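Just below is one structure, and these are the notes that go with it.
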Amino acid sequence: MLRSILNRLLGMIVVMALVVTIVFVIVRVTPGDPAAVMLGPDATAADIASLRTRLGLDAPMPVQFGRYILGVVQGDFGQSIFLNQPVTTALAQRAEPTFFLTVFSLLIATVIALPVGILSAYWRGSLFDQAATTLAMFAASVPSFWLGLLFIRFFAVRLGWFDTSGYGGPGASFAERLNHLVLPALALGLVSSALITRFTRASMLDVLNDDYVRTARSKGMSERRVVMKHAFKNALIPILTVIGLTAALLISGAVVTETVFGLPGVGSLVVSAVLRRDYPVIQGALLVIAGLYVLVNFAIDMLYLAVDPRVRY
Amino acid sequence: MAAISVPVHQEPNILSRLLGRPTSAIGLAILVLIALAAILAPVIAPYAPAKLSIASRLDPPSMAHLFGTDDLGRDVFTRMLYAARTSLAVGLAVVVFASIIGIVLGLMAGFFRKLDAPVSRLIDAMMAFPDILLAIALVAALGATAVNVIIALGIVYAPRLARVVRASTLVIRELPYVEAARALGIPTPIILVRHVLRNVTSPILVQGTFIFANAILAEAGLSFLGVGISPSIPTWGTMIAVGRQYMDQAGWMMMFPGAAIVITVLALQLVGDGLRDLLDPRLAKDI
């Protein structure tokens with residue numbers, strides 16, 4: 001057990017080190033001088049030289065890499081060029097809308113996907129199953145940003161039920177903020193529910209034919225108990241895995257959805273950073289989000305270890 | 001050596017078997033139709049894609065303009081046909097590029113024991129980045145051109161393919177005919193191409209179809225955000241981005257390109273599901 005945990009921990013550290021390296025390399029693949037690219041065509045040679053010094057780009061590559069690693073380990077992701085503040089501060093200030101958007105989207109996706117997936121597997125081949133599988137496939141084909149635009153057009157503009165964009169003023173109440181989050185969370189949640197539905201259905205199908213389910217039935221247990229207590233409980237681990245990974249993927253979906261709904265979150269921060277070529281912000285956001293994904297993966301592996309003694313890493 | 005010929009014998013039947021499944025047949029028919037519309041765009045488009053007509057700006061759908069006109073009076077249907085060319089070409093190029101990187105990485109990791117751990121960790125690290133986010137960062141670094149969007153998305157999706165190729169290669173590596181080929185002194189590159197790669201084509205084909213679908217969605221997302229292909233080139237994503245500004249007056253500008261994305265991606269998923277069920281029944285129950 002301890003050996004498995006240590007093995008997995010070591011694996012996670014190696015992957016994190018590679019993630020940091022990839023993030024470092026991405027900016028260095030910029031054709032030409034990154035400082036010149038960031039400042040645009042109107043920049044003077046002196047401005048470019050000054051930015052190069054500020055970003056440490058004038059040092060040899062191994063030194064740059066060493067400094068970068070040292071900074072990351074200490075939680076210092078550098079300074080945003082355009083916001084004139086540390087990247088960590090910029091990310092922290094924008095974290096709230098992204099956090100709530102992700103949580104609400106995941107909640108919506110799970111509330112839809114679990115019952116639909118379970119019933120779809122239970123009534124395999126029925127009209128309900130066919131409709132659910134088709135709908136899930138359809139939902140997975142819809143770009144979340146387009147669905148968001150349709151929602152704005154219908155629910156915000158035509159019906160006037162919700163605000164079209166933004167996150168309320170600085171002193172807005174939680175209810176006001178919630179009002180701004182309903183449509184983006186719905187757009188993102190509906191699209192994400194497809195994957196969870198399909199996995200729930202597949203996991204349930206796997207266990208519904210197992211011996212212990214048959215035994216539970218033969219003991220005269222009610223169908224509800226058989227499905228929920230015996231089958232679902234055993235199908236839960238792969239379902240939890242996909243829910244965990246969907247949470248990490250939702251952050252990616254948030255990048256586009258936040259832009260559609262004008263939410264001032266990490267996603268819109270990244271997009272504006274790309275348009276302004278504010279590389280330290282892009283790097284910082286990439287690191288934090290990829291780091292979260294690696295952590296979620298690690299947590300899932302630990303969960304497997306905790307509940308299934310057969311699992312070894 | 002008889003084992004090698006098994007999948008090869010199956011190949012001629014794949015299309016007919018795919019057509020035998022109603023959902024896959026519908027998907028395939030839609031894809032063929034969209035591909036034909038894209039290829040024949042100059043012939044079937046009623047107008048030139050850049051033809052301006054200020055007099056008929058933001059005209060709703062009519063017999064003259066099937067899907068209406070845009071803010072510059074250009075025919076939306078015509079532009080959608082041309083956009084299909086770019087969107088499909090980018091999607092297909094991403095699949096090819098991702099396949100090249102993914103196959104090389106997957107074969108290396110799966111066939112050579114010493115390379116497995118480092119390559120697999122690299123694949124894990126690459127997959128830690130959400131697809132759109134990594135693509136945005138790469139396009140930001142490389143520059144927003146169609147070729148760079150293809151390179152970025154190719155890099156983003158290559159690890160998925162690499163994982164599939166690695167998993168299959170690990171199994172094939174241990175099969176007797178590979179051992180026999182080795183014993184006969186056949187050079188490793190030839191074993192890799194002739195004996196291993198040939199037998200992992202099924203999972204590559206299945207995964208490639210899903211990557212195609214994802215690439216179309218991702219390209220549309222990048223173009224919509226203004227960090228992908230230049231807005232002057234019609235793609236379904238750029239058309240939605242422009243249409244968004246006129247959402248209240250001319251909803252058709254963003255409705256139709258969005259619907260085109262949904263239909264194309266859905267068709268690809270139907271075909272991908274069918275291929276997976278036919279070629280890789282072990283995976284069929286997973287998703």
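Using a Gaussian network model of chain A with C-alpha springs under 10 Å, which one of A:M137, A:M61, A:M204 is most mobile by mean-square fluctuation?
Among A:M137, A:M61, A:M204, the largest mean-square fluctuation in the Gaussian network model of chain A belongs to A:M61.
What number, rounded to the nearest 500 deg cm²/dmol, is the helix-based mean residue ellipticity at 222 nm of chain B, given -39500 (n - 2.57) per DSSP H run of at least four residues and division by all its residues? Don't skip to the end; give the middle numbers.
Values: 12 runs with 206 residues, N = 287.
Helices in chain B give a 222 nm mean residue ellipticity of -24000 deg cm²/dmol.
State the extension gain, in nm to one decimal, for the chain segment bounded by A:L178 and A:T134, taking 0.36 nm per residue of separation less the distance between their alpha-carbons.
This chain segment gains 12.7 nm when fully extended.
Counting pairs of alpha carbon atoms under 8 Å apart in space and at least six apart in sequence, what relative contact order in percent does the range B:93-281 give?
Reported as a whole number, the value is 24 percent.
Largest first and in whole Å, what are the equivalent-ellipsoid semi-axes of chain B based on the Cα gyration tensor, each being the root of 5 times an eigenvalue?
For chain B, the ellipsoid semi-axes come out as 41, 22, 14 Å.
Using a 7 Å offset from the Cα along the Cα-to-Cβ direction at both B:V104 and B:I44, what is the distance between the two label points in nm, to one decimal?
Each label point lies 7 Å from its Cα, and together they span 3.8 nm.
Once you've got the GNM for chain A with C-alpha springs shorter than 10 Å, pick whichever of A:S203, A:S126, A:S252 has the biggest mean-square fluctuation.
Result: A:S126 has the largest fluctuation of those listed.
Compute the signed sum of charges (Lys and Arg +1, Asp and Glu -1) over the other residues within less than 14 Å, Cβ to Cβ, of A:T30. Kindly include the intermediate steps, with their values, before the conclusion.
Numbers: positive: A:R28, A:R52, A:R277; negative: A:D33, A:D278.
Around A:T30, the surrounding residues sum to +1.
Using the basic label-point model (7 angstrom from Cα toward the beta carbon), what is the A:S165 to B:E179 distance in nanometres?
That separation, rounded to one decimal, is 6.5 nm.
For the range A:1-99, calculate the relative contact order in percent as a whole number, restricting contacts to Cα pairs under 8 Å that are 6 or more residues apart.
Relative CO of the range A:1-99 lands at 12 percent.
Using 7 Å Cα-to-Cβ label points, what is the A:R224/A:T21 separation (nm, one decimal)?
5.6 nm
For the range B:77-130, which trypsin sites (Lys or Arg not before Pro) are in a loop by DSSP, counting at most 15 other Cβ atoms within 10 Å?
none
Cα atoms only, the protein assembly as shown: Rg and Dmax in Å?
Rg then Dmax for the protein assembly as shown, in Å: 25.3, 83.
The range A:65-89 to the range B:251-273: how many Å between their Cα centroids?
Each part's Cα centre sits 41 Å from the other's.
Computed FRET efficiency, Cβ-Cβ of A:A95 and A:R158, R0 25 Å: what is it to the nearest 0.05?
With a Förster radius of 25 Å, E is 0.15.
Using all C-alpha to C-alpha distances in the range A:125-277, build P(r) with 5 Å bins and read off the rounded percent in each one.
2, 9, 14, 15, 15, 13, 10, 8, 7, 5, 3, 1, 0, 0
What FRET efficiency would be calculated for the residue pair A:W123, A:T44, taking the C-beta separation as r and a Förster radius of 51 Å, to the nearest 0.05?
Calculated value: 0.15.
Expressed as cubic angstrom per residue, what is the convex hull volume of the alpha carbon set of the range B:155-287?
Dividing the Cα hull volume of the range B:155-287 by its residue count gives 125 Å³.
For chain A, what does the relative contact order come out to in percent, with C-alpha contacts under 8 Å and a separation of six or more?
27 percent
Taken together, the values in this text are just the output of simple stated rules run on the coordinates, not laboratory data. This structure is a prediction, so every number in the text was calculated from the model and none was measured. All Cβ positions, even for glycine, are placed from backbone atoms using ideal geometry, and neighbour counts span all protein chains on display.
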